[in-house]
Amino acid sequence: MVFFAPAAAQAEPRLVEGALENGLRYQILEAPQATGISLRLRIEAGSQDEAEDEHGAAHFVEHMAFRATRSRPQGDIDAVMAQRGLTSGRDHNAFTSERETTYHLDLPGADGADLDLALVWLRDVGDGLLFRPEEVDIERGVVQAERRGMQIPETPTIEAEWAFQFVGEGDRDRSPAGTEESLRSLDASKLAAFHRRAYRPDRSLLIVTGPVEAAAVAPLIRERFSGWRPAGDAAPRAPRRD
C-alpha cells in the first residue's frame, strides 16, 4: 500500500483524491488487475501525542480497536473477518509509531459487502471504540506481554531503537510500548480520553486500492465517515526531526 504524495498523485491518472467536510482525506486507486481490495486508515496519533500520564496509550488504543466497537459490541470482529477469509495479523492488523497509527485490511476479493464491512470497522476505529473496564484489563495483559516479548529494558536508548522499528520519530524519544508502570496506570477513562482527543478526521487519511471504481467508492466513504466529528480544536504537534 502506497501513500501518494501530491507529486506522485499527479503522475498516477487512476488515483482519485478527495476530502470530506470534516477534514478526512481519501485516496482511491483503481487497480483492475488486483485480485482483492486493500484499505489503510492512517491517523496522525502516536506516542508523541500522549500526555505524561498516558505513556503507552496510543498503542493500547490500537489494541482496543480489535475488541468491542459500536458496530460489533460483542467484540467478534476478528471472527467476522475470519469468516471472510482474512487472517488476523496478516490481512487485518495495525501499527503504532511515535507519530501515527495505521490500520490495514487486505480483502481477498472485491465483494461489495466485504468492502462495506471494512469501512464500517474503520469508522468505528475513528470514533466508535468501546472502552469497557473489564476488556481494558484483559487487553492490558496482551499489551504487557507484547512489550515483554520485545525484551525492552527501561532505558531511553533501547526505547528509541524500538520506536524506530515503528517508523516514526518526533522531538522526544518515546517508544509506543510504554513502560510497565505506565501500562498499569492506563484505565478505561484514560484510554477513552486519548482516543477522543487524538483520533481526528482532520488528521486522517483513508486509502482504498483494488479492482474498484472511484465513482462508486467515494459515496460509500462519504456515507460512512461524514458523521465523524473532531473533539475540539486540534492540539499542535511537534515537527518531525530530520
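The values are calculated or read from the model by the stated rules, or taken from the named source; none is laboratory data. Computed from a prediction, not measured in an experiment: that's the story for all the values here. Glycine also receives a Cβ, built like all others from the backbone with ideal geometry; neighbour counts cover every protein chain displayed. Surface accessibility is based on the protein's heavy atoms, side chains included, excluding ligands, DNA and RNA. Shrake-Rupley method; radii C 1.70, N 1.55, O 1.52, S 1.80 Å.
If you stretched the chain out fully between Arg229 and Gln33, how much longer would it get, using 0.36 nm times the residue separation minus the C-alpha to C-alpha distance? List each step's numbers first, then the result.
On the way: separation 196, 0.36 × 196 = 70.56 nm, distance 3.55 nm.
67.0 nm is the gain from fully extending Arg229 to Gln33.
If you add up the charges near Ala51, with Lys and Arg at +1 and Asp and Glu at -1, over every other residue whose beta carbon is less than 10 angstrom from its beta carbon, what do you get? Walk me through the intermediate numbers first.
Values: positive: Lys190, Arg197; negative: Asp49, Glu50, Glu52, Asp53, Glu54.
Taking every other residue near Ala51 into account, the sum is -3.
Taking the Cβ-Cβ separation of Leu220 and Thr87 as r and a Förster radius of 25 Å, what is the calculated FRET efficiency to the nearest 0.05? Plugging the Cβ-Cβ distance into 1/(1 + (r/R0)^6) gives 0.55. Measuring with a 1.4 angstrom probe and ignoring ligands and nucleic acids, Ser189 comes out at about 80 Å² accessible.
Determine Rg/Rh for segment 1-146; Rg is computed over alpha-carbon atoms and Rh is the Kirkwood hydrodynamic estimate from the same atoms.
Values: Rg = 16.3 Å, Rh = 16.6 Å.
A ratio of 0.98.
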